[in-house]
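The values are calculated or read from the model by the stated rules, or taken from the named source; none is laboratory data. What you are looking at is a predicted structure, and each value in this text was computed from that prediction instead of being measured. Glycine gets a Cβ as well: all are built from the backbone with ideal geometry, and neighbour counts include every protein chain shown.
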Amino acid sequence: MASTVLSAPFPSAVDLRGRSPMIGVPKNGGDHLLLKGKGFGRVRMSVAVNLSRFEGVTMAPPDPILGVSEAFKADTNELKLNLGVGAYRTEELQPYVLNVVKKAEKLMLERGENKEYLPIEGLAAFNKVTAELLLGADNPVIKQGKVATVQGLSGTGSLRLAAAFIQRYFPEAKALISSPTWGNHKNIFNDARVPWSEYRYYDPRTVGLDFEGMIADIKAAPDGSFVVLHGCAHNPTGIDPTPEQWEKIADVVQEKNHIPFFDVAYQGFASGSLDTDAFSVRLFVERGLELLVAQSYSKNLGLYAERIGAVNFVCSASDVTDRVKSQLKRLARPMYSNPPVHGARIVANVVGDPTLFDEWKQEMEQMAGRIKHVRQRLYDSLSQKDKSGKDWSFILKQIGMFSFTGLNKAQSDNMTNKWHVYMTKDGRISLAGLSLSKCEYLADAIIDSFHNVS
Ligand SMILES: Cc1ncc(COP(=O)(O)O)c(C=O)c1O
């Protein structure tokens, strides 16, 4: 067992073999050199006092998104603004628990629900409503049993489970991700050992979509690639294809026999409408394509820490669907056994109850509305204050929680070091973490960083 640990892909294991374990090891044979079997135990005994077995473990870099929040916490300046993490805040910049969530939790408490394990695939009531919310309750693929839905550990865990499936069943296939994309996509595919490459998405000259580049790169990819598409509110750019462009993307995906892999982390949060934001996925389903969708309820129901989401495979036949689902369960079992129940019950109660569902839609519209309002105010402030004639209208064309400012790394550093505005180094700001009253300050910071830092 010990030798298995050391053969794991940690640099420490390699380092330890080469040097440190020799220190203080009695010259009693070759066991300690190989660090195998019982010999490993003896080495451990003799070096444990002075040298950690984890000596060779290097410090991991801070996460580019979550690390921003840590730096923000350490800043004592009262003007500081955290626009790093994509989490909704009230106008007072406080975290927000939706009223419908509180109501659902109250109901759950009154019913005295238990904490028994869920099945590997999750809560049945949740799986049913989540597929219906995504595809539309009347979608024929649901009626025909062509959707395999497995509850996941929010968007990230759902993506990771699907990536594990790709690695197991399509070991030759590649994932195609947009450039840029949400930072964790690369980590997910790397850890799942799914090779990936990027397709062009963002055009810095227009601060808009590089549609031609996107189409060309999807066309040039090997047939049968998994094309990762942000269903709505592309992160980090906030730039979405138009409905006509989605049609063309579907054309080329179909032509190349690719498998679309949608990441839907913002349904309802982009436009304020659940149906509008599901347009892209439903379009591909209507065309009869088989596809994968990872869903998250972190943003639209504010259930960040509940880790609730799902992975859906839309297949061309119901017997395939059953087999796919059985394999997803097989992958999930040794990873986390079965998912948590609390968030799943909240979603099932909110989406499954017509009154709560309507209330949710209204609350979501309000949240999306507040972000749109802030977006407009930021644009107004920038346009009024910046006398250079620069066109800031790209901000209004973007959608969802984020705005991609076009600021480069040095300029983003200036935002943080001089203005105490915390944001990711790719120039992304979360408008969900901004209040109307802070827009002028933010505009000053952006104008200074844009014009005075190269
Ligand atoms: C594009 C995208 N996908 C997936 C996620 C997953 O988030 P979570 O794991 O919190 O559901 C996020 C969150 O920021 C995201 O922006």
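Residues Asp251, Asp275: which one is free of Cβ contacts under 8 Å to residues at least 12 places away in the same chain and either assigned to a helix (DSSP H, G or I) or hydrophobic (A, V, I, L, M, F, W, C) (or both)?
Being free of Cβ contacts under 8 Å to residues at least 12 places away in the same chain and either assigned to a helix (DSSP H, G or I) or hydrophobic (A, V, I, L, M, F, W, C) (or both) holds for just one of Asp251, Asp275, which is Asp251.
Just to confirm my filter: which helices (runs of 4 or more DSSP H) fall fully inside region 342-435 and include at least 3 residues that are within 24 Å of Pro180 (Cα to Cα) and outside the structural domain of Leu209 (by TED's automatic domain parsing)?
By residue number, 354-385, 394-397, 409-417.
Against the definition (within 13 Å of the ligand (Cβ to nearest atom) and either buried (at least 16 other Cβ atoms within 10 Å of the Cβ) or farther than 17 Å from Ala294 by Cα (or both)), how does Asp203 come out, yes or no?
No; evaluated as a whole, the condition is false for this residue.
In region 52-100, how many residues are in a helix (DSSP H, G or I) and under 19 Å from Gly400 (Cβ atoms)?
Qualifying residue count for the region: 1.
Select from region 292-327 the residues that are more than 16 Å from the ligand (Cβ to nearest atom) and not in a helix (DSSP H, G or I) and list them in ascending order.
Once the filter is applied, which keeps residues that are more than 16 Å from the ligand (Cβ to nearest atom) and not in a helix (DSSP H, G or I), region 292-327 yields Phe313, Val314, Cys315, Ser316, Ala317.
How many residues are more than 14 Å from Lys329 (Cα to Cα) and either modelled with pLDDT under 95 or more than 16 Å from the ligand (Cβ to nearest atom) (or both) if we restrict to region 143-165?
Selection size over region 143-165: 5.
If the requirement is being within 29 Å of Gly406 (Cβ to Cβ), within 16 Å of the ligand (Cβ to nearest atom) and in contact with an Asp or Glu (Cβ under 8 Å, 6 or more places away or on another chain), which of these qualifies: Phe261, Phe269?
Phe269
So which residues in region 166-185 are closer than 30 Å to Val207 by Cβ and either away from the ligand (no atom under 12 Å from the Cβ) or not assigned by TED's automatic domain parsing to the domain that holds Ser225 (or both)?
Result: Lys174, Ala175, Leu176, Ser179.
Being assigned by TED's automatic domain parsing to the domain that holds Ala233 and surrounded by fewer than 16 Cβ atoms within 10 Å (Cβ to Cβ) narrows it down to one residue among Ala74, Ala124, Ala60; which is it?
Of Ala74, Ala124, Ala60, the one residue that is assigned by TED's automatic domain parsing to the domain that holds Ala233 and surrounded by fewer than 16 Cβ atoms within 10 Å (Cβ to Cβ) is Ala124.
Inspect region 183-196 for any residue being touching a Gly at 6+ places or on another chain (Cβ under 6 Å) and free of Cβ contacts under 8 Å to residues at least 24 places away in the same chain and give the result as yes or no.
Among the residues of region 183-196, not one is touching a Gly at 6+ places or on another chain (Cβ under 6 Å) and free of Cβ contacts under 8 Å to residues at least 24 places away in the same chain, which makes the answer no.
Do you know which residues across region 155-174 are over 16 Å from Glu121 (Cβ atoms), in a helix (DSSP H, G or I) and not charged (D, E, K, R)?
Selection gives Gly155, Thr156, Leu159, Ala163, Ile166, Gln167, Tyr169.
All but one of (1) part of a loop (DSSP other than H, G, I, E, B); (2) buried (at least 21 other Cβ atoms within 10 Å of the Cβ); (3) at pLDDT 95 or above hold for Pro241; which doesn't?
Of everything listed in (1) part of a loop (DSSP other than H, G, I, E, B); (2) buried (at least 21 other Cβ atoms within 10 Å of the Cβ); (3) at pLDDT 95 or above, Pro241 misses just condition (2).
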